[in-house]
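Here is the structure we will look at, set down as structure tokens.
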4 protein chains.
Amino acid sequence: MKHDDALHRLKNVEGHLRGIQKMIEDDKYCIDVIQQINAAQAALNKVSSMILEGHLNSCLITAVRGDNPDDRERVLQEIADVFEAATKV
Amino acid sequence: MKHDDALHRLKNVEGHLRGIQKMIEDDKYCIDVIQQINAAQAALNKVSSMILEGHLNSCLITAVRGDNPDDRERVLQEIADVFEAATKV
Amino acid sequence: MKHDDALHRLKNVEGHLRGIQKMIEDDKYCIDVIQQINAAQAALNKVSSMILEGHLNSCLITAVRGDNPDDRERVLQEIADVFEAATKV
Amino acid sequence: MKHDDALHRLKNVEGHLRGIQKMIEDDKYCIDVIQQINAAQAALNKVSSMILEGHLNSCLITAVRGDNPDDRERVLQEIADVFEAATKV
């Protein structure tokens, strides 16, 4: 189930961050630390994408098919907003 | 109309890029050039977001309300994909 | 000291990720979860930037002033590479 | 020479943006338009990276080896700043 997958991935990123803290304590090379942070961020991006995909296939469908135009507009606007936030340079 | 706004913005970015080429030819300071490229990219992000918003309010609504589950799935998957592409570190 | 600040921030992001896992377990609204993940990523970006700044002010200066051209080239190339990785759409 | 390569790439992106305007005028599918904008942005990222690399191998080396600590600090700070701008979510 999607939920469990997202939780599992977040737990992994948490462990990854602890490893990165260890790298800093052990004075590992800065560039290696930065690359590990990049990897943690790529993993978080994946989680965001999975959650958005779940949202599109549930809340969005319900709102678009529902009778409430305000609900629909709100849900579509939220998706446009998270997309805009994601594309920020 | 949304279309015209997106076209207008793309035309502006085109002019911006010509200005940046001029900066390079004139040997302007590299960091200033990079900041102008960043600004051009922020403008392109805005155009992407506007186009996605238009898409959500037209094609997406049609597909989600339509009778064709394949169409709906395809449209939702495409949106999930552009979001994932946008979040790539 | 820079080190402690980076460690402190990473520890905070770790706690943030645990909070996000709790949000998912409690079935919080997807869009709110995505926004919290965005916030965690912004915090990680800050840590990367701090570490790079430390690197520029230490290893880079040593390498550029040193007698070893290979060392210097390597260090400059690494910085160019992390910048390129950071700008990936 | 690096300069010419950056100019050439910027000219290409300019042409690409004209093509994207044509796509919008011809009412091409939104998702295809967004993907083309992504491609233009990836090309701009490449130009930024090339310019930064040139900067590291010229101005930066001069500043770090020079006698003026203010110059050096300024140049290092600028690089830290463009990196931070590049990583903004």
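Only one of (1) at pLDDT below 95; (2) in contact with a helix residue (DSSP H, G or I) (Cβ under 6 Å, 6 or more places away or on another chain); (3) more than 17 Å from D:ILE61 (Cα to Cα); (4) open to solvent by 10 Å² or more (accessible area, probe 1.4 Å) is not met by C:MET23, so which one is it?
It is condition (1) that C:MET23 fails.
Residue by residue, here is whether (1) closer than 26 Å to A:LEU10 by Cβ; (2) aromatic (Phe, Trp, Tyr); (3) touching a helix residue (DSSP H, G or I) at 6+ places or on another chain (Cβ under 7 Å) holds:
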| residue | (1), (2), (3) |
| --- | --- |
| A:SER49 | yes, no, yes |
| A:HIS55 | yes, no, yes |
| A:ILE61 | yes, no, yes |
| A:GLY66 | no, no, yes |
| A:GLU73 | no, no, no |
| A:ASP81 | yes, no, no |
| A:GLU84 | yes, no, yes |
| A:LYS88 | yes, no, yes |
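May I ask you to verify whether C:GLU14 is within 15 Å of A:ARG9 (Cβ to Cβ) and either of a type in the set (Lys, Arg) or exposed (fewer than 14 other Cβ atoms within 10 Å of the Cβ) (or both)? Walk me through how you get there before you give the answer.
Numbers: within 15 Å of A:ARG9 (Cβ to Cβ): yes; either of a type in the set (Lys, Arg) or exposed (fewer than 14 other Cβ atoms within 10 Å of the Cβ) (or both): no.
Taking the combined requirement at face value, the residue does not satisfy it.
Conditions: (1) in contact with a helix residue (DSSP H, G or I) (Cβ under 9 Å, 6 or more places away or on another chain); (2) farther than 26 Å from D:ASP81 by Cα. B:HIS8 meets all but one. Number of the miss?
Checking B:HIS8 against (1) in contact with a helix residue (DSSP H, G or I) (Cβ under 9 Å, 6 or more places away or on another chain); (2) farther than 26 Å from D:ASP81 by Cα, the one that fails is (1).
I'm told A:LYS2 meets every condition in (1) over 17 Å from C:MET23 (Cα atoms); (2) at pLDDT below 95; (3) touching a Gly at 6+ places or on another chain (Cβ under 9 Å) except one. Can you identify the failing condition by its number?
Of the numbered conditions (1) over 17 Å from C:MET23 (Cα atoms); (2) at pLDDT below 95; (3) touching a Gly at 6+ places or on another chain (Cβ under 9 Å), the odd one out for A:LYS2 is (1).
Report, by residue number, each residue of the stretch C:71-81 that is more than 7 Å from chain D (Cβ to nearest Cβ) and more than 17 Å from D:ALA42 (Cβ to Cβ).
Across the stretch C:71-81, the qualifying residues are C:ASP71, C:ARG72, C:GLU73, C:ARG74, C:VAL75, C:GLN77, C:GLU78.
Quick one: would you say C:VAL64 is closer than 30 Å to A:SER58 by Cα and β-branched (Val, Ile, Thr)?
no
Looking for something open to solvent by 70 Å² or more (accessible area, probe 1.4 Å) and farther than 20 Å from C:ALA40 by Cα - is there at least one such residue anywhere in the stretch A:57-64? Give the derivation first.
Going through the stretch A:57-64, the residues open to solvent by 70 Å² or more (accessible area, probe 1.4 Å) turn out to be A:57, A:62.
Applying the additional criterion that residues be farther than 20 Å from C:ALA40 by Cα yields A:57, A:62.
Checked the stretch A:57-64: at least one residue is open to solvent by 70 Å² or more (accessible area, probe 1.4 Å) and farther than 20 Å from C:ALA40 by Cα.
Since A:ILE79 meets every condition but one in (1) open to solvent by less than 40 Å² (accessible area, probe 1.4 Å); (2) over 30 Å from B:ILE37 (Cβ atoms), which condition does it not meet?
The single condition A:ILE79 does not satisfy is (2).
Can you confirm whether the stretch A:61-83 contains a residue that is basic (Lys, Arg) and in contact (Cβ under 8 Å) with a residue 24 or more places away in the chain?
Checking the stretch A:61-83: not a single residue is basic (Lys, Arg) and in contact (Cβ under 8 Å) with a residue 24 or more places away in the chain.
Restricting to the stretch B:26-47, name every residue that is closer than 17 Å to D:VAL82 by Cα, aliphatic (A, V, I, L, M) and in contact with a helix residue (DSSP H, G or I) (Cβ under 6 Å, 6 or more places away or on another chain).
Within the stretch B:26-47, the first condition is being closer than 17 Å to D:VAL82 by Cα, and the residues that meet it are B:28-42.
Filter once more, so that each one left must be aliphatic (A, V, I, L, M): B:31, B:33-34, B:37, B:39-40, B:42.
Those that are closer than 17 Å to D:VAL82 by Cα, aliphatic (A, V, I, L, M) and in contact with a helix residue (DSSP H, G or I) (Cβ under 6 Å, 6 or more places away or on another chain): B:ILE31, B:VAL33, B:ILE34, B:ILE37, B:ALA40.
The values are calculated or read from the model by the stated rules, or taken from the named source; none is laboratory data. Bear in mind the structure is a predicted one, so any value in this text is a computation, not a measurement. Glycine gets a Cβ as well: all are built from the backbone with ideal geometry, and neighbour counts include every protein chain shown. SASA here: full protein model, heavy atoms, side chains in, ligands and nucleic acids out. Shrake-Rupley method; radii C 1.70, N 1.55, O 1.52, S 1.80 Å.
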